[in-house]
Every structure is written in C-alpha cells, then in structure tokens.
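Down below is the structure, laid out as structure tokens.
What follows draws every value from the coordinates through simple rules; no lab data is involved. Because the structure is predicted, anything quoted here is derived from the model rather than measured.
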Amino acid sequence: MDLPNSTSDLGTLGETFVAEWLQSQGAIVLAHQWNCRSGELDLVVKTADEIIAFVEVKTRSRGNWDSDGALSITLTKQRKILTAAQLFLLKHPEFENLPCRFDVALVRYTKKRGNPPTPATSPHLTKNQFSLQDYICNAFD
C-alpha cells in the first residue's frame, strides 16, 4: 500500500467522509470532485429538502494554522466556487430551478499509529480517523 505523499489523498478521504455523512442526513450526492475551467467543486448534493448544496470540504490535522480550514475560504476562493457552480448548473439544467446554497465542511484528521490511509483504503476502515468539526450552511452569506 502506498503512503499518501500529499494532502490531496487526505483531502479526498475527507470529502468521502463528508459525502457519507450527508447521505446519512438524506442528501443525494450529484457530483464529487467536479472539474471545470474555473476549478473544482468538492461535492454537489441535493438535500432532503430539495436544495442544491455546493460543499467545499477542508480536511486538516490537529494543530493546523487556519482554524480547521475556515480561514482558507477567501473571497477569491468563494468567487471560483461560485463560477464553478454556475457552470455546473449550465451543464445540468435539470437543477437550475432548485434553490442553491454554498456550504463548508471542516473535517479533522487524527493520525493513528501504523500506515496512514490512502484513497484506495475503504473509508469504513478509516472513518474513526475523521471527525466533522463544523458544517456551515450558507457559508458565503
């Protein structure tokens, strides 16, 4: 098993953790790591109350410098996500009449002894290494 050599491996696992949590809340995942010329949308979900949520996921380890990722959601980052969301809706007109919002999920990764997880590792085996620190609905308001 390869050890992750970048934060992108842990980021992907954090996104998977949040996707599973949202599904347990009744949401349907429409896209994961959706890419376009403006950037990437970590998660796009349809909530149980028929809202399209564009979810930015920040996964951090303990002792991070940016408040579990909250400080990394700058105005520039928000504009990129907004543009990507507009492009997503253009590509998926079936969702254009539903209300939309922008959420942020802050995930904490706790390193366990032994090998760290990789994206190939089942999230169910590593779930205890991730915890949802905060889920902010309408984070860009």
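Worth pointing out:
- Of the cross-linked pairs Lys46/Lys91; Lys58/Lys91; Lys46/Lys112; Lys46/Lys80; Lys58/Lys111, those separated by over 22 Å at the C-alpha level are Lys58/Lys91; Lys46/Lys112.
- Ala139 long-range amide H proximity, modeled H, under 5 Å: Phe102, Asp103, Val104
- With 0.36 nm allotted per residue and the present C-alpha distance subtracted, the Arg79-Ser24 stretch has 16.9 nm of extension available.
- Added length on full extension, which subtracts the Cα-Cα distance from 0.36 nm per residue, Arg37 to Glu96: 19.3 nm
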